[in-house]
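Asker: Sending over a structure as structure tokens; questions will come in a sec.
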Amino acid sequence: MRPSSLLRSDETLFRDRETFEFTYLPEHLHHRDAQVRELAFLIRPALRGGSVGSAILRGPPGTGKTTTVRRIFAAVAAETRRVAPVYVNCQHDHTTLAVYRCIFEQLLGYPAPPTGWHLDAAKQGIAARLHDEDARLLVCLDDANYLIPAGTYNLLLYQILRLYEKWDVAKPGVFAVCSDLALNLYAEADERVRSVFHPLEISFPPYTIGEIRDILTDRVRQGLYPGVMPAPLLDRIAEIAAGEQDVRVGIDLVRLACLRAETDGRRRVTAGDVTEAARAVGSPVLAVQAAGLSVGERALLRRIAERSQEGADMASGAVFEEVQDYLPVGRTTYHERLKRLAEAGFVDLVPGVGRGRERKVRLRYDPAEVAAVCTGPEEPRIDR
């Protein structure tokens, strides 16, 4: 007897739902072998009693930077105690104390006291653990660009990399991760930091359609039961994710399309499920992100979206001149808002060609969707 085409209430399409979470750590990293080799090259000397090297990992969002670091850190922690890898999410922890508390907790296995805790005490606890185990500290500062507006970037780099001067430990290393292509983390370091911060820059280019297809195929194999996701629909999802230059979009599309099919009691995903999932991935996520912007930042983002729809010149200088009729702000305020939009992941600031240091403003989302989520009751669309 052939199984019913309808899914019973106690059945699911997911073999492992965690496979489609952004925090999932895959067993195999597809198409990042070169980056893994470069990071391993920096870690290898520490395994022989030397110091671990430092690196800047640079690439757009959704290109595997965080996953690559976490995969390598997990492998190092499982194989040796000579290196003590610590991961810090600088979007969440960007003050000096917060970063040291994060390092302390991961090294010692328990949180620092919530009150009456000072930096020297945290450093002493960290140094004692490193000394006792003869381990080399390796800190990943993920989204390190968030430390710059917080005013802690240079201070933290200086203190971490020079930890050996006050405490009897080996020289630590830092992996600084940045998704802002217009930002040069090494250039942001001051002279005293550069004297000890000699990073290898490692690039993470966007995945191609074929590479995204390989990654999604692996996730589907691990996370779904056979036959749930037809190959042509997976090709379509890979195409959408490649257009967004973000593999995470593809992973989320697979998850949402399967959830729609499961909710309807079907055993296979349909083209309609993918279409509806693509709509859900777009605007709601944008709306949540846009809600975190100031009124002025949303207004600027709306004008950028409208100019993009019009096919206008998107050089940053041209955008500044045009928005003066609607958003009369100075150049400093304009560039601060533009930088904030880049940090929030709405735009890429791409270095221009043949125009000095001027950059082009490139939206990461559909211009019509961006304009829609940036136009609220208190911000009516401008009719020109």
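The values are calculated or read from the model by the stated rules, or taken from the named source; none is laboratory data. None of these values were measured; they are calculated from a predicted model. Cβ placement follows ideal geometry from the backbone for every residue including glycine, while neighbour counts extend to all protein chains displayed. Just so you know, the surface numbers come from the protein's heavy atoms only, side chains and all, with ligands and any DNA or RNA stripped out. Shrake-Rupley method; radii C 1.70, N 1.55, O 1.52, S 1.80 Å.
Asker: Do you know which residues across the range 159-175 are modelled with pLDDT of 95 or more and assigned to a helix (DSSP H, G or I)?
Answerer: Gln159, Ile160, Leu161
Asker: When you scan the range 3-108 for helices (runs of 4 or more DSSP H) that lie fully inside it, which ones turn up with 2 or more residues that are at pLDDT 95 or above, touching a Pro at 6+ places or on another chain (Cβ under 8 Å) and open to solvent by less than 70 Å² (accessible area, probe 1.4 Å)?
Answerer: 65-79
Asker: Looking only at the range 163-181, which residues are more than 15 Å from the chain's Cα centre (by Cα) and buried (at least 17 other Cβ atoms within 10 Å of the Cβ)?
Answerer: Leu163, Tyr164, Val169, Ala170, Lys171, Pro172, Gly173, Val174
Asker: Ok, one more. Applying the selection to the range 305-338, what residues are touching a residue at least 24 places away in the same chain (Cβ under 8 Å), open to solvent by 30 Å² or more (accessible area, probe 1.4 Å) and either of a type in the set (Gly, Ala, Ser) or not in a loop (DSSP other than H, G, I, E, B) (or both)?
Answerer: Once the filter is applied, which keeps residues that are touching a residue at least 24 places away in the same chain (Cβ under 8 Å), open to solvent by 30 Å² or more (accessible area, probe 1.4 Å) and either of a type in the set (Gly, Ala, Ser) or not in a loop (DSSP other than H, G, I, E, B) (or both), the range 305-338 yields Ser308, Gln309, Thr333, Arg337.
Asker: Before we move on, is Ala299 aliphatic (A, V, I, L, M), at pLDDT 85 or above and crowded, with 17+ Cβ neighbours inside 10 Å? Break it down into steps so the answer makes sense when it comes.
Answerer: Values: aliphatic (A, V, I, L, M): yes; at pLDDT 85 or above: yes; crowded, with 17+ Cβ neighbours inside 10 Å: yes.
Yes; evaluated as a whole, the condition is true for this residue.
Asker: Also, quick follow-up: Only one residue in Arg213, Arg221, Arg194 is surrounded by fewer than 17 Cβ atoms within 10 Å (Cβ to Cβ) and more than 30 Å from Gly50 (Cβ to Cβ), so which one is that? Please lay out each step first, then the result.
Answerer: Details: Arg213 fails: surrounded by fewer than 17 Cβ atoms within 10 Å (Cβ to Cβ); Arg194 fails: more than 30 Å from Gly50 (Cβ to Cβ).
The conditions single out Arg221.
Asker: Restricting to the range 110-158, count the residues that are touching an Asp or Glu at 6+ places or on another chain (Cβ under 7 Å), in a loop (DSSP other than H, G, I, E, B) and surrounded by 13 or more Cβ atoms within 10 Å (Cβ to Cβ).
Answerer: Final tally of qualifying residues: 1.
Asker: So, one more: When you go through (1) touching a helix residue (DSSP H, G or I) at 6+ places or on another chain (Cβ under 6 Å); (2) under 21 Å from Val347 (Cα atoms) one by one for Glu244, which number turns out not to apply?
Answerer: Glu244 satisfies every listed condition except (1).
Asker: While we're on this one: Report the residue count in the range 20-35 for those that are of a type in the set (A, V, I, L, M) and more than 10 Å from Ile202 (Cβ to Cβ).
Answerer: Let us first name the residues in the range 20-35 that are of a type in the set (A, V, I, L, M), namely 25, 29, 34.
So of that shortlist, the ones also more than 10 Å from Ile202 (Cβ to Cβ) come out as 25, 29.
Qualifying residue count, the range 20-35: 2.
Asker: Also, quick follow-up: Please go through the range 26-49 and pick out each residue that is among the charged types (D, E, K, R) and over 25 Å from Ile251 (Cα atoms).
Answerer: Let us first name the residues in the range 26-49 that are among the charged types (D, E, K, R), namely 27, 32-33, 37-38, 44, 48.
Of everything in the range 26-49, those that are among the charged types (D, E, K, R) and over 25 Å from Ile251 (Cα atoms) turn out to be Arg37, Glu38, Arg44, Arg48.
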